[in-house]
Amino acid sequence: MTLPGKRRRARQDLDRRDLRNTLLESKFMSLTRAAALAATLLLMTGKVSLAGAEWRWGGDARLGYLADWSEQRNGERDSNDNFRMRLRLRAATPADQAWQINTGLAGSFASDQDSLDFYLRRYRPGRTGVNAGDATVDTFNLRYRHLESGTTLRIGRFATSFTLPIVPGKSLIRNDASNFNIGWTDGVYLQTPLNEGWRLHLVGQLNSRRGTGNTARAPLDFAKTRARTSLFAAIEASQPWGPVTTRMLSLVWIPEALATVGLDQPDRNDYLGVSAKLAASWSVGDARLVAAGEWAHAFNTPSREAQRLPGSGSVGGNAWQASLNLYDWQPGHSLGAVLGHAQAGWLVSNDYRENDDLVELRYRWQARPDTVVELRYRWRREIERLIAADQRRKNQDAYLRVTYRF
């Protein structure tokens, strides 16, 4: 029995979409193989030499004690504490050559984890991070650097971070691996000078249909073929302007990834957002005072129903953070405070949950050139109460952590 014409065409369209999805899913593997092949050819031609133990080994180990206290939406209160650790191992060819190979393994662990899991895949198990006990290859890329101009190109897997120059070290956009987490970007990353004093960043990212290696909060979804590739672009001042030390404008574009009326509905729109960073620094005796801020806006946002908020229309897409910091008030000792706000439509920050206000205080002690001790207190509260919730969720947490780089 044959299908009617419309059903047959629909089935054919679905088969073609599945084929496109399969081909796109294989792009990253092809890109990784190309990077590996290029690295092999460079080794064979002598452009990169591994003779004489030229690999550079390094990494970092981070150990901390964390405690949190929550007041849930139904009014119940709970608390938790544990020990956490993140270990990252790195190996790379010399950085002073035009071609460089970078590799790395990373694992995130906790005293209350359920299991250990090592995997090689393009997406994290959660939208904002890995599970405790997870380990993976978080770095594998081929880097080319033009020795005269300083232009660099990375192909493969790498981590990106565009945080404000503050003690809490936060960003509204692209901070792949913060705190005890593991994160990565699969794709191509170009950095090049534009003219005297400015630099261009371009990141072309490949996404899996099941997610990404960095933060993408609901209702972002990568089931559509066009959502498997996304773009990040930024221009950054590379020279200070009076006391202003940081000036940066950024854009993120994820085609057909925003489920505007909910993940269970087929409608998808492009997600487009921008951010602007600014920081200034002044000497105060032997110390340094740093004031910094960032503002971000998403042009397309989900409906209030999709975000489980009362009312009609779309949610807000604004986010901002403001910070004041005192560096080296005693040699090696620094303090910082940050206040942040992210409406329910800002979905790409690793450091700020959507529909959340945040206040954070952090102390940092540079105990040795390779060792940093940090103490943090953080308070968070939902901006709007969700449908059917008795109250807004509130969270407090604190940690003491030590990071050793080797």
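The values are calculated or read from the model by the stated rules, or taken from the named source; none is laboratory data. Small disclaimer: the values here were computed from a predicted structure and weren't measured. Virtual Cβ from ideal backbone geometry, glycine too; neighbours counted across all protein chains shown.
General observations
- Residue in region 253-263 that is in a strand (DSSP E or B) and either of a type in the set (S, T, N, Q) or more than 18 Å from LEU231 (Cα to Cα) (or both) present: no
- Scanning region 321-352 for residues that are hydrophobic (A, V, I, L, M, F, W, C), touching a Gly at 6+ places or on another chain (Cβ under 9 Å) and without any contact (Cβ under 8 Å) to a residue 60 or more places away in the chain gives ALA322, LEU324, LEU326, TRP329, ALA344.
- Taken over region 72-102, the criterion of being more than 30 Å from ARG56 (Cβ to Cβ), of a type in the set (D, E, K, R) and in a strand (DSSP E or B) is satisfied by ARG77, ASP78, ASP81.
- Filtered residues of region 134-150 (kept if of a type in the set (Asp, Glu) and in contact (Cβ under 8 Å) with a residue 24 or more places away in the chain): ASP134, ASP138
- Scanning region 217-269 for residues that are polar (S, T, N, Q) and touching a Leu at 6+ places or on another chain (Cβ under 7 Å) returns THR225, THR229, THR246, ASN269.
- Which listed residue is among the small types (Gly, Ala, Ser), modelled with pLDDT of 80 or more, outside any loop (DSSP other than H, G, I, E, B) and at negative phi, from ALA36, ALA67: ALA67
- When ASN141, ASN102, ASN179 are checked against the criterion of being modelled with pLDDT of 95 or more and under 17 Å from the mean Cα position of the chain (by Cα), ASN179 stands alone in meeting it.
- Listing of strands (runs of 3 or more DSSP E) fully contained in region 107-207 that carry 3 or more residues being of a type outside the set (D, E, K, R) and closer than 30 Å to LEU326 by Cα: 198-206
- Residue ID - surrounded by the fewest Cβ atoms within 10 Å (Cβ to Cβ), chosen from residues in region 178-188 that are over 10 Å from ASP351 (Cα atoms) and either touching a residue at least 40 places away in the same chain (Cβ under 8 Å) or out of contact with any Asp or Glu (no Cβ under 7 Å at 6 or more places or on another chain) (or both): VAL188
- Residue selected from region 371-388 under the condition surrounded by fewer than 17 Cβ atoms within 10 Å (Cβ to Cβ) and more than 24 Å from the chain's Cα centre (by Cα), by the criterion nearest to GLN330 (Cα to Cα): ARG385
Yes/no per residue for (1) over 13 Å from the mean Cα position of the chain (by Cα); (2) buried (at least 17 other Cβ atoms within 10 Å of the Cβ); (3) more than 22 Å from THR152 (Cα to Cα); (4) not acidic (Asp, Glu):
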| site | (1), (2), (3), (4) |
| --- | --- |
| LEU190 | yes, no, no, yes |
| LEU194 | yes, no, no, yes |
| ARG210 | yes, no, yes, yes |
| ALA216 | no, yes, yes, yes |
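- Applying a threshold of 8 Å to beta carbon distances and a minimum spacing of six or more residues, or different chains, the list of pairs starting in region 64-89 at a residue that is farther than 29 Å from TYR404 by Cα and ending at one that is aromatic (Phe, Trp, Tyr) and surrounded by fewer than 16 Cβ atoms within 10 Å (Cβ to Cβ) reads ARG77/TRP69; ASP78/TRP69.
- Taking the listed residues VAL373, VAL348, the one that is part of a strand (DSSP E or B) and out of contact with any helix residue (DSSP H, G or I) (no Cβ under 6 Å at 6 or more places or on another chain) is VAL373, with no other qualifying.
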